[in-house]
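Single-structure report; data block below.
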Amino acid sequence: MCTGVVRAIVKTETQKTPTFRLRLSQILRATLSPAVMGRADKERLVRTLNSHLNTIHETFQMLDQNPSSSLEKVSWDDVLKMGDQVYKQATVAGMVWTGERLEVKAIEENMASYFNMLQGFLLVSHGSQVGAGPTLSSVIHASLKQIIDSSFRFWKESVSLYGPQKNQDKNQVILQLVGAVWDACSALKKAPSTNITAIGRAITQVAVSVKDVLREMKELKQGSSDLDKAPEEICNAVEGDSQDEGNTSDDADIGNDLSAEEMRVAQSAIHVVSSILLVIKELIRSITSLLKLENANKESNLASLENLLKLCQGIGLQVDELGACLYPPQEGPAIKVASEKISSFLDNMQTELGSLNGNSEGFLQACNNLRDSLKQLETELGGFSSPDLETRMQNVTLSN
């Protein structure tokens with residue numbers, strides 16, 4: 001049917017009736033090529049999707065702040081139930097996109113249902129954050145963002161694949177994207193639902209990081225002194241260095257050439273970090289015991305728990321600094337600063353836990369052991385001062 005006939009129909013039919021608009025749409029679809037119609041439908045889906053994405057983005061930004069404590073708290077079980085609904089809606093959307101016939105209207109209806117469910121999920125999740133501290137709020141926020149991001153990727157990629165072109169991998173891609181939404185929704189069930197649980201897990205992460213640093217510190221080795229080598233060994237080493245010049249691997253020898261003084265400092269630092277692990281272990285045990293107390297979630301107690309986490313994280317950062325300073329040439333002043341900061345954090349930690357009546361005998365003993373280890377480290381650093389280092393360097397120069 002030519003364009004002139006269409007224009008004639010427009011002139012003769014009344015444009016205000018739904019019947020006319022439906023008839024005109026049918027005529028246009030019959031007139032236009034599949035490629036043109038596919039492009040128009042895709043542009044329509046993109047516009048619709050962008051509208052939904054903007055709505056969710058704005059909602060998420062509005063809910064970035066914690067709700068007022070005067071509001072009624074939504075139970076975490078309700079959040080999980082809504083998460084299951086998003087999970088199911090993603091399954092339905094995947095079935096729509098992998099079907100034999102893709103109808104634009106069906107896609108738009110499914111899209112609206114999905115994002116309405118997602119928005120409801122965000123609102124319910126926000127209500128569950130009444131009374132949540134910074135740590136719990138951060139964890140919940142990260143979980144929600146994971147679900148939002150996976151949902152956005154699913155819909156953006158699905159719409160981009162829409163069209164008459166053949167794509168054998170389309171269904172596989174869509175199934176993988178749906179699977180990502182499933183994983184994000186499932187991860188929500190593993191998220192902490194209380195302040196104490198969230199703080200306890202965060203402290204556990206600090207312990208894991210400290211343990212990694214301790215493992216690396218234990219790999220440090222003392223280098224062999226040239227005075228202990230036989231003359232032929234020294235000659236062989238020199239010849240080997242000449243042959244391998246330009247083809248050496250510095251990474252393989254890092255931490256393997258500590259002097260005797262540096263090795264003593266490293267051993268003392270290892271004792272310090274080992275003692276820190278015991279302190280964190282006892283701290284977690286003390287916090288766990290607080291779960292049994294009825295007033296554990298009081299706002300004043302929550303502030304102390306958050307402070308304990310910050311102090312623990314501060315110690316963790318100093319452990320990182322301490323580990324980095326042990327590699328040759330060792331940085332004595334920086335090691336001393338890290339040691340002093342650890343001692344200060346420890347004192348404040350003991351005070352905070354004491355305000356919660358959580359200073360157990362095991363925790364106090366671990367703190368005392370750590371202080372002893374810090375004193376030993378300071379003693380080793382005292383014998384490894386900068387003037388001594390300059391003197392040793394001068395002696396080496398004179399002997400050469």
Check: Of the residues Val92, Val46, Val86, which single one is β-branched (Val, Ile, Thr) and either within 19 Å of Ala191 (Cβ to Cβ) or surrounded by 17 or more Cβ atoms within 10 Å (Cβ to Cβ) (or both)?
Finding: Val86
Next item on the list: Would you be able to say whether some residue in the range 141-148 is modelled with pLDDT of 95 or more, farther than 30 Å from Gln205 by Cα and among the hydrophobic types (A, V, I, L, M, F, W, C)?
Entry: no
Check: Among the residues of the range 75-113, how many are free of Cβ contacts under 8 Å to residues at least 60 places away in the same chain and either assigned to a helix (DSSP H, G or I) or among the charged types (D, E, K, R) (or both)?
Finding: 18
Margin query: Can you tell me which of (1) in contact (Cβ under 8 Å) with a residue 40 or more places away in the chain; (2) surrounded by fewer than 18 Cβ atoms within 10 Å (Cβ to Cβ) is the one Ala132 doesn't meet?
Written below: (2)
Notebook entry, point to check: Restricting the search to the range 199-216, which residues are among the small types (Gly, Ala, Ser) and modelled with pLDDT of 95 or more?
Noted result: Ala202, Ala207, Ser209
Next item on the list: Hey, can you tell me all the residues within the range 105-119 that are under 12 Å from Thr48 (Cα atoms) and surrounded by 13 or more Cβ atoms within 10 Å (Cβ to Cβ)?
Entry: Ile107, Glu108, Asn110, Met111, Ala112, Phe115
Notebook entry, point to check: Which of the residues belonging to the range 57-78 are among the β-branched types (Val, Ile, Thr) and under 11 Å from Val130 (Cβ atoms)?
Noted result: Val74
Checklist line | Flag for Leu102 being out of contact with any Gly (no Cβ under 6 Å at 6 or more places or on another chain) and surrounded by 14 or more Cβ atoms within 10 Å (Cβ to Cβ) | finding: yes
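The values are calculated or read from the model by the stated rules, or taken from the named source; none is laboratory data. Please read all numbers here as calculations on a predicted model, not as lab measurements. Glycine also receives a Cβ, built like all others from the backbone with ideal geometry; neighbour counts cover every protein chain displayed.
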